[in-house]
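I have placed the structure first, in the form of structure tokens, so that the comments after it can refer back to it.
The values are calculated or read from the model by the stated rules, or taken from the named source; none is laboratory data. From a predicted model like this one, the values you see are computed outputs, not experimental measurements. A quick note on method: Cβ atoms are made from the backbone with ideal geometry, for glycine too, and the neighbour counts reach across all protein chains shown. Ligands, DNA and RNA are excluded from the accessible area calculation, which covers all protein heavy atoms including side chains. Shrake-Rupley method; radii C 1.70, N 1.55, O 1.52, S 1.80 Å.
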Amino acid sequence: EEEEEEAEVGWQEKLFSQFEVDLYQHESACQTPLDRQYHEEILKLEKTKGRKSYRIFTYTDHDRFTNLEEHCQKVTDSDHEVPSFLAERMANVRRRRQDRRPIEASSLKSKIITWEPSEEFIKNNHVINTPVQTMYIMGDLGPYGKLGRREYEHVLCTIKVDGNGVITVKPDFTGTKEAYRIELDGGKREVWKYTIENVSVQVQPEEEEREQRVFRDLYSRHKEYLSGLVGSEFEMTLPGTLRLFVNGEIVSAQGYEYDNLYVHFFVELPNQWSSPAFQQLSGVTQTCATKAVGWDNVAYFSYPFTLEMFFTQGDESEDSLPQWPVLYFEVLSLDFWQRYRVEGYGSLVLPASPGLHMLTIPTWRPVELGTVAELRRFFIGGSPELEDITYVRVPSTFKGDRLSRFGFRTETTGSVTFRLYCLQQSKAFLETSALRQRMQSVLDRLGGFTQQSSVYNVLEAFQRARRRMQEARESLPQDLISTSASTV
């Protein structure tokens, strides 16, 4: 109990240790203006009542200890650790008190890109740099009468406040938890316990309201600053045109017979759809070996692709529904002898609603009957292929009434997972008030898109039912139609 000590420490409040008292008492040891300031404060403390704590002291943001602690942080606890090249370069990045010059409002847009950065600029900006102020609450745990030895100094608490106003206290306030323990190496194996409590005065409602007003003013000015950086010159679509962006990813393929898979895909644009001249509508992934995940062999591609397409409303009637672009793909395998085999075909209609879509598409492949075809596939590679990959669905070139696949033999294979981020741009999105007052056209209906897919299916089913009713009505005798009409 005679070793107990309690101290109330404010933010960046300096409490001197015995080592600092012995050091700064002599004016000859003072080299910097901060050292001379500490020398004067220690002389004043000696003339008055002295220090209020002996074992508990602090290192503020300006002390040498804080700079060295920030510069010499180790990655491991080994005494023989050699810092890597990256650690040495990162140690030169000073994360505190960055001196940033104010940017003039007239030169905002010219400062977005620095074409000829200096070495100092690169050093200060090659990492996300949030200015931080640091403070260390220390404990001198040496034996009584031998205070002031550096080897007995231990960090009790580290407090950091960054430029965003986030306060980090490590370790956390004790609260209802047990006291923290520090075991010293030595013959006695001493154990010290300490607690950390928050004794800050609660803010008054008037001060809190004043602070909120300051924050709102700050946020509004920052919003104006960002809008000045971005500008207001955006490329808008023409009336009657829909712009569709798809940031997609071929995530994985699973459940296939052979290893070393790759995916070849392309997008077919229906009528009234177009794409820019530079847009690539096809692609092929890398060859990826599979790994066992559960009961399936999975190949993770993580292959990104980007699509940009335009839909232009034609002069067709209101009842015509727009056809959405279709992504066709085939999965193939490649072995050590560069023999490839078709593992599966599949297709997906690009989603009609914006947002994130995770789609897992099952695939199939054509097969031949008999053992010879399987032997050929196993030993020399190759397998039956589709001459036109759009045969997976109803081909766009097909003009008949019925497409028969009778006699075409297939086999179910694995599946491919896609992740699609869809964005849409259209003037119809801006005309929300007009949409409530008039009958929406087909393109205007695309402005909502919250229930586009379900509406599309319902209208398509309604059109099929109406055609069947008209065909049934035409096949009935005329006298039966006239009798039923007169009865009604």
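Looking at segment 275-283, is at least one residue more than 20 Å from residue 390 (Cβ to Cβ) and either open to solvent by less than 60 Å² (accessible area, probe 1.4 Å) or part of a strand (DSSP E or B) (or both)?
Yes.
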Given 219, 258, 225, which one is exposed (fewer than 12 other Cβ atoms within 10 Å of the Cβ) and outside any strand (DSSP E or B)? 219
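Kindly provide the set of residues from segment 340-395 that are among the small types (Gly, Ala, Ser) and free of Cβ contacts under 8 Å to residues at least 60 places away in the same chain, ordered by number.
347, 370, 373, 381, 382, 383
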Taking interchain pairs and intrachain pairs at least six residues apart, which have beta carbon atoms under 8 angstrom, with the first residue in segment 1-30 and part of a loop (DSSP other than H, G, I, E, B) and the second loosely packed, with under 15 Cβ neighbours inside 10 Å and basic (Lys, Arg)? 7/52; 15/52; 30/36
For segment 79-90, state whether one or more residues are open to solvent by 80 Å² or more (accessible area, probe 1.4 Å), at pLDDT below 80 and in contact with an Asp or Glu (Cβ under 8 Å, 6 or more places away or on another chain). no
One residue is enough: does segment 127-134 have a residue meeting the conditions hydroxyl-bearing (Ser, Thr, Tyr), touching a helix residue (DSSP H, G or I) at 6+ places or on another chain (Cβ under 9 Å) and within 28 Å of residue 14 (Cβ to Cβ)? yes
Residue 410 versus (1) under 27 Å from residue 467 (Cβ atoms); (2) exposed (fewer than 15 other Cβ atoms within 10 Å of the Cβ): which is the lone unmet condition? (1)
Name the residues in segment 18-53 that are under 20 Å from residue 146 (Cα atoms) and within 49 Å of the chain's Cα centre (by Cα), would you? 19, 20, 53
Extreme residue, farthest from residue 191 (Cα to Cα), among residues of segment 31-51 that are open to solvent by less than 70 Å² (accessible area, probe 1.4 Å) and assigned to a loop (DSSP other than H, G, I, E, B): 32
Does residue 199 satisfy being open to solvent by 70 Å² or more (accessible area, probe 1.4 Å), in a loop (DSSP other than H, G, I, E, B) and in contact (Cβ under 8 Å) with a residue 60 or more places away in the chain? yes
Tally time: how many residues in segment 136-179 are part of a loop (DSSP other than H, G, I, E, B), under 28 Å from residue 22 (Cα atoms) and open to solvent by less than 60 Å² (accessible area, probe 1.4 Å)? 5
When you go through 330, 387, 374, 308 one by one, which is the residue that is assigned to a strand (DSSP E or B) and either touching a helix residue (DSSP H, G or I) at 6+ places or on another chain (Cβ under 6 Å) or within 23 Å of residue 262 (Cβ to Cβ) (or both)? 330
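From 31, 18, which residue is polar (S, T, N, Q) and touching a strand residue (DSSP E or B) at 6+ places or on another chain (Cβ under 8 Å)?
Values: 31 fails: touching a strand residue (DSSP E or B) at 6+ places or on another chain (Cβ under 8 Å).
Unique residue meeting the criteria: 18.
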Among residues of segment 300-347, those that are at pLDDT below 90, open to solvent by 60 Å² or more (accessible area, probe 1.4 Å) and hydroxyl-bearing (Ser, Thr, Tyr), counted: 3
Say whether the condition of being at positive phi, polar (S, T, N, Q) and open to solvent by less than 90 Å² (accessible area, probe 1.4 Å) is met by at least one residue in segment 233-251. no
Report yes if residue 232 is part of a helix (DSSP H, G or I), out of contact with any Lys or Arg (no Cβ under 6 Å at 6 or more places or on another chain) and hydroxyl-bearing (Ser, Thr, Tyr), otherwise no. no
